[in-house]
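Student: First the structure, then my questions, so here it is.
The values are calculated or read from the model by the stated rules, or taken from the named source; none is laboratory data. What you see is a predicted model; the values in this text were computed from it and never measured. Using ideal geometry, Cβ is built from the backbone for each residue, glycine included, and neighbour counts are taken over all protein chains shown.
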Amino acid sequence: MKSSLWIGLAVAALLGLLGSVYVVREDQTAMVLNLGKVVRADIKPGLHFKVPLVESVRVFDRRFQVLDTAPARYFTAEQKDVSVDFFAIGRISDVRNYYRATGGDAALANARLAPIITDSLRNQINSRTLQQLVSGDRSELIANQLTGINKAVKELGMEIIDLRIKQIDLPTDSQVINDVYERMRAQRKQEAAKLRAEGEEQSLTIRAQADRDSTVLVAEAERDAQQLRGAGDAEAARIYGKAGSADPSFYAFYRSLEAYRGSMTDGNGVIVLDKNDPFLQYLKSDR
């Protein structure tokens, strides 16, 4: 009977000892509650003791955690609607405040952090244009927020180490997309009009050059033709003169025949002359 009692006491002592020992890893921190009241907090890694049955231990991860939220919608300085996707990197800085504010629930902590960060970003985004937001220095935008965000989350026992914007989009139901498309269409139309104007200008230049070249060619050809005609007429006159000087009577007869041909070519001409007119001398009979 005594041996059983000693065994029972030994087992109870062992269970009591095991119930009073707890371990905190290097990546953890802990707090001890006495009947639900926090009595010790921010316990360092190592082997620790507590009062069995009376005290309980809550262990928390003190590594950096990523808060990834759904994209939030904001308005820029020119009232353009944008969707901003971001994430934050934070950690527990004060276990006591963290437990009081969230009960140690990480999901609740994230739910309370998200609107704080969202509202802080809204102030910065509202003061920037869409171009500044998209092409500007995002690190500067984030740096301006960390101090204010950490003041706001101090009561949650949290500290935000970094904040990053993953993506900035135009919502599919936003008027901004239509405005962007309209601006793109206007730019393309402007570029097309510019190209058409340049093409028309080149076309007019080419046509003007071609017309000028054509006019010059025709004028030069006419000049050469006139010179050739003049030379031909001069040569014909020389030949006629030479022929006439060789036989004046024959030349006079030939010229009269040419005159008859020229005046009667179409067959419908009517010539009224005196019968003794010299023009008809070669048409008279010698009988």
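Student: Checking the condition modelled with pLDDT under 75 and surrounded by 13 or more Cβ atoms within 10 Å (Cβ to Cβ), which residue from L121, L163, L146, L170 passes?
Tutor: Working: L121 fails: modelled with pLDDT under 75; L163 fails: modelled with pLDDT under 75; L146 fails: modelled with pLDDT under 75.
Every option except L170 fails the conditions.
Student: Determine the pairs where a residue that is within 20 Å of S93 (Cα to Cα) and among the acidic types (D, E), located within the stretch 13-33, has a partner that is at pLDDT 80 or above and surrounded by 13 or more Cβ atoms within 10 Å (Cβ to Cβ) with Cβ atoms under 7 Å apart, the partner being 6 or more residues away or on another chain.
Tutor: E26/P45; D27/D61; D27/R62
Student: Only one of these conditions is not met by L121: (1) farther than 28 Å from Q28 by Cα; (2) not in a helix (DSSP H, G or I). Which number is it?
Tutor: (2)
Student: Which residues, counting only those in the stretch 20-35, are surrounded by fewer than 17 Cβ atoms within 10 Å (Cβ to Cβ) and under 59 Å from the mean Cα position of the chain (by Cα)? Quick ask: steps written out before the conclusion?
Tutor: First, pick out the residues of the stretch 20-35 that are surrounded by fewer than 17 Cβ atoms within 10 Å (Cβ to Cβ): 20-21, 23, 25-28, 34-35.
V23, R25, E26, D27, Q28 - these are the residues of the stretch 20-35 that are surrounded by fewer than 17 Cβ atoms within 10 Å (Cβ to Cβ) and under 59 Å from the mean Cα position of the chain (by Cα).
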